[in-house]
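The values are calculated or read from the model by the stated rules, or taken from the named source; none is laboratory data. Note that the structure is a prediction, hence the values are computed from the model and not measured. We place every Cβ from the backbone using ideal geometry, glycine too, and count neighbours over all the protein chains shown.
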Amino acid sequence: MKPDFSSTDYILPPRYIANKPAKNRGNDKLLIYNSATDTVRHDVFYNIKSYIPKDTACILNKSSVIPARIRLKKSSGGIVEVLFLLNEELHANGQLRVMVDRKVTEGTVLSTKKNKQIGYVAKHSEKSIFTMQLTIPRQGLVALLQQEGAAPIPKYIKHSPLSRLEQIRNYQTVYARVESQLGSVAAPTAGLHFTKNILQSLKSNGVQTHYITLHVGLGTFAPLTSTQIQTKKLHEEMYSVSDAIYSSLQQAKTNNRPILAVGTTTVRTLETISHANQRSGSTDIFIYPPHSFYYPTMLLTNFHLPHTSLMLLVQAFLQHKHAQRNLVQLYNEAIVQNYRFYSFGDSMLIL
């Protein structure tokens with residue numbers, strides 16, 4: 001069965017697209033949908049503990065976002081914006097995939113504004129994705145990006161009022177952890193609403209927080225292609241779950257305790273380990289209706305772009321919960337209530 005995109009079709013007036021986060025984390029809106037009673041409530045995110053049962057296992061993605069976007073010079077003198085896909089492993093021959101904002105040809109040398117050569121375009125992969133042959137070590141590239149790179153905020157945010165450092169700070173969860181040279185090139189946005197105080201309030205209320213890792217990349221944010229729809233697989237993303245966290249998940253599952261997945265990247269990781277016999281590796285799982293979810297009993301998620309794998313996943317979760325409303329109906333309710341959409345926008349809790 002192919003994905004049915006009618007469940008992800010809605011129209012969002014541009015004014016609802018958030019080009020910056022709430023002034024203070026946790027002060028954004030929260031839509032709570034109880035699928036068992038088919039009721040909707042509206043609240044502020046910092047009150048989320050009021051809706052989470054005391055014995056819940058709350059699972060969050062702790063991958064750290066790398067400021068992986070940078071403007072480089074072509075050998076011809078032109079400027080090209082490059083997003084280094086540092087969520088992926090470096091090939092043995094020193095090659096790494098990149099996304100560019102304009103046409104480049106194989107062999108094009110790319111350098112910094114100070115004429116430090118970074119590498120050259122080795123081959124074209126698909127659309128705006130190319131393989132780049134690095135001429136500096138990966139560690140050196142990461143260090144350069146930390147100094148000069150920009151947060152990889154989505155391109156639909158046209159005129160962000162935030163400075164470079166504000167973007168980097170606001171496009172990172174408060175619980176992110178750096179792991180070797182891998183990281184995310186898009187934020188696990190459902191986690192952006194949490195503050196340390198909100199996390200502590202959950203713990204004080206009996207909620208157990210557990211952290212997994214999925215380094216966010218093309219599998220999460222790239223537009224779907226006809227090939228992916230046919231193969232029912234997304235771009236691969238690296239994930240890892242420690243033995244201790246896996247044991248806690250199994251215990252929660254065995255004891256029928258609620259399990260809250262914070263974000264679609266967390267869901268994809270949990271569903272991967274429920275089927276794969278390994279705690280780490282790469283996943284290309286594509287979740288769409290109908291799907292039987294193994295671990296999550298609740299989902300916290302932002303409001304996503306139409307016709308995306310993210311919306312299909314959330315719609316699949318609603319169907320799994322036997323919800324009387326579909327996702328577009330809930331999105332339309334959010335629009336009526338003036339919710340802010342997408343990465344810096346508000347969120348929805350599905351119970």
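Mind listing just one residue for me: the one in the stretch 128-154 that is assigned to a loop (DSSP other than H, G, I, E, B) and in contact (Cβ under 8 Å) with a residue 12 or more places away in the chain and, of those, surrounded by the most Cβ atoms within 10 Å (Cβ to Cβ)?
Pro152
Here is a yes/no grid of residues against (1) of a type in the set (Phe, Trp, Tyr); (2) under 20 Å from the mean Cα position of the chain (by Cα); (3) modelled with pLDDT under 95:
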site	(1), (2), (3)
Ser309	no, yes, yes
Lys321	no, no, no
Gln324	no, no, no
Glu333	no, no, no
Phe341	yes, yes, no
Met348	no, yes, no
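Filtering the stretch 89-127 down to residues that are assigned to a loop (DSSP other than H, G, I, E, B) and small (Gly, Ala, Ser), which residue is nearest to Gly281 (Cα to Cα)?
Result: Ala92.
Could you tell me how many of the residues in the stretch 278-311 are assigned to a strand (DSSP E or B), touching a residue at least 60 places away in the same chain (Cβ under 8 Å) and among the hydroxyl-bearing types (Ser, Thr, Tyr)?
Result for the stretch 278-311: 2.
Residues in the stretch 186-193: is at least one assigned by TED's automatic domain parsing to the domain that holds Asn47 and more than 18 Å from Phe341 (Cα to Cα)?
Looking through the stretch 186-193, none of the residues is assigned by TED's automatic domain parsing to the domain that holds Asn47 and more than 18 Å from Phe341 (Cα to Cα).
Out of curiosity, is Tyr175 among the aromatic types (Phe, Trp, Tyr) and not assigned by TED's automatic domain parsing to the domain that holds Asp346?
no
Can you report the number of residues in the stretch 65-91 which are polar (S, T, N, Q) and either more than 19 Å from Arg138 (Cα to Cα) or modelled with pLDDT of 95 or more (or both)?
Of the residues in the stretch 65-91, 2 are polar (S, T, N, Q) and either more than 19 Å from Arg138 (Cα to Cα) or modelled with pLDDT of 95 or more (or both).
Restricting to the stretch 96-108, what's the tally of residues that are out of contact with any helix residue (DSSP H, G or I) (no Cβ under 9 Å at 6 or more places or on another chain) and surrounded by 15 or more Cβ atoms within 10 Å (Cβ to Cβ)?
4
Count, please, the residues in the stretch 232-273 that happen to be free of Cβ contacts under 8 Å to residues at least 24 places away in the same chain and of a type in the set (Val, Ile, Thr).
1
Mind checking which residues of the stretch 92-114 are on the phi > 0 side of the Ramachandran plot and at pLDDT 90 or above?
Gly107
With (1) in contact with a strand residue (DSSP E or B) (Cβ under 8 Å, 6 or more places away or on another chain); (2) under 30 Å from Val267 (Cα atoms); (3) not in a helix (DSSP H, G or I) as the list, and Ser160 as the residue in question, which single condition is left unmet?
(1)
Within the stretch 39-50, is there a residue that is assigned to a strand (DSSP E or B) and farther than 20 Å from Leu327 by Cα?
The answer is yes, given that some residue of the stretch 39-50 is assigned to a strand (DSSP E or B) and farther than 20 Å from Leu327 by Cα.
Scan the stretch 65-87 for residues that are in a loop (DSSP other than H, G, I, E, B) and either over 17 Å from Ala187 (Cα atoms) or touching a Lys or Arg at 6+ places or on another chain (Cβ under 6 Å) (or both) and report the count.
Residues flagged as in a loop (DSSP other than H, G, I, E, B) and either over 17 Å from Ala187 (Cα atoms) or touching a Lys or Arg at 6+ places or on another chain (Cβ under 6 Å) (or both) within the stretch 65-87 amount to 5.
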